[in-house]
Amino acid sequence: MSIGNRIQTFEDARQLARGYLPWMVFDYIDGAAGEEVGERLNRETIRTLRLQPRILNDVEHRDLKMHILGQETGIPFGICPMGMCNLARPGADLMLARLAAKHGIPHGVSTAASTSLERMSETAEGNAWFQLYFNGNQEASLDLLKRAEVAGYKTLILTVDVPEVGHRPRELRRGFRAPFKIGPSQFIDFTLHPRWSLGTLFNGAPELANFSGDQGTFDRHANRAGADWSLLNWLRDVWKGHFVVKGVLDVEDATRLQAAGVDGIIVSSHGGRQLDSVPPPILALRAIRVALGDKYPLFYDSGIRCGEDIVKAYAMGADYVFVGRALLFAMAAGGEAGLARMVELMAKQVSITLAQMGLSRISDIPALK
Ligand SMILES: Cc1cc2nc3c(=O)[nH]c(=O)nc-3n(C[C@H](O)[C@H](O)[C@H](O)COP(=O)(O)O)c2cc1C
């Protein structure tokens, strides 16, 4: 059966990925903070939102194009920044970059990417956004920003919801580390997942590619807790392009970011990976939209699993939506063909959903209260 037939839902891709990936990598991608209640609650909240069907509106020609920070995008969802994507499948980072180039969609390139930010920018053909993790050292951050500027990045995402890496029991139980070390339990794990292990052996273990040679180091658990509003203002001044802040869930914080001259906010719970008791970000999105008004660029990620979810995020106030785990699982399930299938599926679902709602464009989606 072709990958196109096998992936009809997010869960199909997740189950195929589960068979291919070592437990350690599957749990790194799939896992969340604590008991994972926050992650589930958000998805359940999205699921309970209802969309209103309308009839006889002539929806024969539907348009999925969008505009975001001066860029036209071919489909209404982009790629979340994710560290160590090549763990999902060798070459995954570049598959995502080619996807961004093909559809003209924003592609968050993580500080902790497994391919260098320069190569990602080139491959994504101007669609890559650089995502910065502040590591407590302004000089090191400045070096990264200079590299990003030279590489042609026009948009910076500052992720602010990781003062400390969240407590993620599934990662800890599996001994997940970046770069990873092979102990006895990983040896058994890798032996039981030979397709992944041979592919990874053949292509070389993924590394933190922005920190090779004399380019400094990246400590995933570095203490970022010292970051404050003066850091925000400093970054706003030194970065000349668009400046987007990711990981915001509070109306007061959002209002302050808007006042500080930030160009856009990504409302996100980091996919539930940081604080288990977090309120559902899909509800925070609505509250922040109301507070910031209709014109302010507001983006959303967390818990998006299908096209109807994407439409719901727009109905809750997003100007653009980003997808994370679904893309990693799609690549683990079927490489670049799996990724293309997942994206085609989600775009098709968005289009069908619009048709059911009697709408022809994303911008026509009515607000959900
Ligand atoms: C494996 C993995 C790695 C991630 N790495 C980063 C990262 O390096 N930087 C970042 O800002 N967010 C990171 N995130 C969070 C995503 O950008 C995004 O907020 C989240 O995945 C969205 O939720 P979803 O996976 O349910 O779509 C990561 C998420 C996953 C699943």
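Structure above, values below:
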| read-out | value |
| --- | --- |
| Helix runs (DSSP H) in the chain reaching 30 Å along axis by Cα, Kyte-Doolittle at least 0.5 | 325-356 |
| Cleavage-rule hits (trypsin sites (Lys or Arg not before Pro)) in segment 13-113: DSSP loop, at most 16 neighbouring Cβ within 10 angstrom | R50, R54, R62, K65 |
| Nearby lysines by direct alpha-carbon distance to K295 (threshold 27 angstrom, same-chain neighbours under 8 apart not counted) | K65, K154, K240, K246, K312, K369 |
| Cα→Cβ-extended label distance, 7 Å offset, between I188 and Q15, nm | 2.6 nm |
| FRET efficiency for Q215 and L172, using Cβ-Cβ distance with R0 set to 30 Å, rounded to 0.05 | 0.60 |
| Highest-first arrangement of 121-132, 334-345, where packing means the average Cβ count within 10 Å | 121-132, 334-345 |
| Hz values of 3J(HN,Hα) by residue in segment 294-302 - Karplus curve (6.51, -1.76, 1.60), Gly and Pro given as x | 6, 8, 6, x, 10, 10, 9, 9, 3 |
| Spatially proximal aspartates and glutamates relative to K146 (Cα-Cα < 17 Å; intrachain offsets below 8 disregarded) | E118, E122, D214, D237 |
| Protection-proxy order for peptides 292-304, 66-78, each taking the mean of Cβ atoms within 10 Å per residue, highest first | 292-304, 66-78 |
| Helix-only CD estimate at 222 nm, as mean residue ellipticity for the chain, using -39500 (n - 2.57) per DSSP H run (n ≥ 4) | -13500 deg cm²/dmol |
| In order through segment 49-62: 3J(HN,Hα) via Karplus (6.51 cos²θ - 1.76 cosθ + 1.60), integer Hz, x for Gly, Pro | 5, 10, 10, 8, x, 10, 10, 6, 10, 6, 10, 5, 9, 10 |
| Length gained when the stretch R50-E122 is fully extended (0.36 nm per residue, less Cα-Cα span) | 21.9 nm |
| Chain lengthening between K65 and K369 when straightened (0.36 nm per residue, less Cα-Cα) | 107.0 nm |
| Alpha-carbon centroid distance for the pair segment 351-366 / segment 269-305, whole angstrom | 22 Å |
| FRET E, pair K240, D58, Förster distance 41 Å, beta-carbon r, rounded to 0.05 | 0.35 |
| Modelled FRET efficiency - R0 25 Å, S277 with E252, Cβ distances, 0.05 increments | 0.85 |
| Bridge type composition, segment 3-364 - antiparallel percent by DSSP, nearest 5 | 10 percent |
| Phi to ³J(HN,Hα) by Karplus 6.51 cos²θ - 1.76 cosθ + 1.60 over segment 171-183, Hz, x for Gly, Pro | 5, 5, 4, 7, x, 5, 9, 10, x, 7, 10, 9, x |
| Nonlocal amide H pairs with H167, under 5 Å, H built at 1.01 Å | G34 |
| Pairwise centroid distance, computed over Cα atoms, of segment 174-247 with segment 5-41, Å | 19 Å |
| Å² per residue, accessible surface of the chain at 1.4 Å | 44 Å² |
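The values are calculated or read from the model by the stated rules, or taken from the named source; none is laboratory data. Because the structure is predicted, anything quoted here is derived from the model rather than measured. So basically every Cβ, Gly included, is an ideal-geometry build from the backbone, and we count neighbours across all protein chains shown. Each accessible area value is taken on the protein alone, full model and side chains, heavy atoms only, with ligands, DNA and RNA left out. Shrake-Rupley method; radii C 1.70, N 1.55, O 1.52, S 1.80 Å.
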